[in-house]
Structures are given as C-alpha cells and as structure tokens.
Amino acid sequence: MRRPAIPLTMTASSTVSLPDSRTREFEAVALPHLGAVARVARALARDEADADDLVQETYLRALRHWDTFQRGTDCRRWLSTICRNVFLAQKQRGQVVTAVENDVLEAYASADAHRLARASGLNDLFDRLDLGPAIRGAIAGLDVPFRDVVLLADIHDFTYEEIADLLMIPLGTVRSRLFRARRMLQLALVAHATDLGLARPSDRSTP
Amino acid sequence: MTAPAARSECEEIVSRLWPHLDGALPEVERARVVAHLEKCDGCRSHYDFARAFLEAVHEAVPDDDADRVAALRARVERAIARESDQG
C-alpha cells in the first residue's frame, strides 16, 4: 500500500482554517504517537532542544496536512516520515558515507571484536565493567550515518525496515552501517578496557 | 582444529548473529541458528558476547522518560491550539 505523499516544505501562508472537530480528531489519533515521534526526533537531532523543536514542527505540519492522512493507515509511520522530512529539509544533511557498505562482509566480521576481546582476557567485558560512560562516548564519536542507525536500532528499538524508511537508505545499507557501527563500538570498548589495564597480554593460542 | 565443513557452518551462523539478535531472521533461519548455538560452544560464546554488548548499549543511553514525553505533549498541544486559533 502506498502511503500518502508527505509535503517537504511548508510556509506560514499555507496555514488553513481548522474546525474544532478536525483538530479534535487529529489530537485523538496523532497525539498518542508523540512518544514514538520523540524517539525518532531524538535519534535524528543533535540535542534535546533541537529534537523537541523537531517534534513540535512535525505535529504542526501533520495538523496542516491532516486531510492527506489516509484514515486507518499507520499514523505513527506517517508522523515518523514527516519528522524525517522536516529534519532533512531543515538540515539539508547529506547521507554520503565514504566507507564501502557491504552488509554480508560486515556480518561475517561481527565476531572480530569478540575474538580480540577473548585473546585479551576480556571475554566477560560487559559483565565486569560499568561501560555506560565509555559506550556513550563511543557512540558520540561515531560518524553521523553510523550513529543514527545505532541510536535507532539499539536504543530506540526500530526495525531494519523502519530505519531504511526513516533515513531513506536501502535495507542492505542499514544492516551494513549497523553491523559496522557495532563492531566499531565493540573495538572501542575493548581498547577502553585495555587502557584501564584490564587486558592480559594477548594469548595467540586462542582461536 | 575445526573441520572445514564445520568452520563453514560456523561462519554462516556468525554472519547471522546480529539479525538473529535483532529478531530479523525468517523462522527457518532462526531455528537453524538456535539449533547450531545449542551444539556449538564457539558460536554460543560469540552470541553471548554480542548479546551482552547489545544489553550494555541499551542500558547506557536512557530512552525518553514518561515525564519528558508528557511535557513535550503539553507543549505540542499548546502549539496546536495556537495554530487552530490563528485559523
């Protein structure tokens, strides 16, 4: 099923008269999804203030175009798409990633960091340490395209398909970026634990 | 030393660990991964490491809490009211 077209731009002059019943319907149907839209905004925007502004603008744009929403379809998805479009229109942000994106190769490499951790005696890295600050720092250090997919998938529990939809990138690219981002985070955390002196000299007998 | 055939099977399973943990595998593949993990300590170890990593990441970054969403909702409702009044 095709979703309704989402307007990319909006000007003050396009504000229209809003009967109370229309607004009430909008509030009843759209506002329950505010938490989900806030999560999308938080994943896309740089900071909380920008994210909150993005949520407000998303709802105002959705209200102005409420007539284009097909009743009975997925309102959360409709709002999330508007949120994504507002964000992209505001930021004019590119989606260029220089690294080669190959989800199959990234998937095969998924155990690389574990092998390194195991060789350094850090097999139980995540059970032994409070890695919260290190994880937050490592995520902040990721390039934006990688950070976006990690936040959407691993913090906000979006599916691969939802992320592909939101960021307008192919499904394979979502997987590739996500798996690569996770590998980069794992390697950063192993390095962090090593810096803390928790690693033992590398044991090459470990496969 | 792992036999070539077993190594190939393990590589296939390792390449599906992330989609498996993300709940993104079709049922047939999911069952194959689960069956392999039950009999292969090496792959099970990779799986445990990956799962512990995802749990640590999820716990490290707080999601939006209810109070914050409620405050944001009140703000959006005010904006909607203003928009309606202007109409």
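See the values below:
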quantity	calculated
Number of the condition not met by A:ILE169 [criteria: (1) outside any loop (DSSP other than H, G, I, E, B); (2) closer than 30 Å to A:VAL86 by Cα; (3) open to solvent by less than 60 Å² (accessible area, probe 1.4 Å)]	(1)
Some residue of the stretch A:127-139 being out of contact with any helix residue (DSSP H, G or I) (no Cβ under 8 Å at 6 or more places or on another chain), over 30 Å from A:GLY35 (Cβ atoms), modelled with pLDDT of 80 or more and within 13 Å of chain B (Cβ to nearest Cβ)	no
Residue within the stretch B:8-22 that is at pLDDT below 85 and either open to solvent by 60 Å² or more (accessible area, probe 1.4 Å) or more than 7 Å from chain A (Cβ to nearest Cβ) (or both) present	yes
Residue in the stretch B:52-62 that is among the aliphatic types (A, V, I, L, M) and at pLDDT below 85 present	yes
Failed criterion for B:VAL61 (all others in (1) under 30 Å from A:ALA193 (Cβ atoms); (2) open to solvent by 20 Å² or more (accessible area, probe 1.4 Å); (3) more than 7 Å from chain A (Cβ to nearest Cβ) hold)	(3)
Test: residue in the stretch A:179-197 that is within 16 Å of the chain's Cα centre (by Cα) and either at pLDDT below 90 or more than 8 Å from chain B (Cβ to nearest Cβ) (or both)	yes
Scope the stretch A:87-124; condition within 8 Å of another protein chain (Cβ to nearest Cβ), open to solvent by less than 60 Å² (accessible area, probe 1.4 Å) and either at positive phi or modelled with pLDDT under 80 (or both); matching residues	A:SER110
Number of positions in the stretch B:78-87 that are at the interface with chain A (Cβ under 7 Å from one of its Cβ atoms) and open to solvent by 40 Å² or more (accessible area, probe 1.4 Å)	2
Verdict on B:SER45 being among the polar types (S, T, N, Q), at pLDDT below 95 and buried (at least 19 other Cβ atoms within 10 Å of the Cβ)	no
Among the candidates B:ARG51, B:ARG73, residue that is of a type in the set (Lys, Arg), part of a helix (DSSP H, G or I) and either more than 8 Å from chain A (Cβ to nearest Cβ) or in contact with a strand residue (DSSP E or B) (Cβ under 7 Å, 6 or more places away or on another chain) (or both)	B:ARG51
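The values are calculated or read from the model by the stated rules, or taken from the named source; none is laboratory data. This one's a predicted model, so the numbers in the text were calculated from it and none came from an experiment. FYI the Cβ positions are ideal-geometry reconstructions off the backbone, even for glycines, and counts take in every protein chain you see. Accessible surface areas use protein heavy atoms only, side chains included; no ligands, DNA or RNA. Shrake-Rupley method; radii C 1.70, N 1.55, O 1.52, S 1.80 Å.
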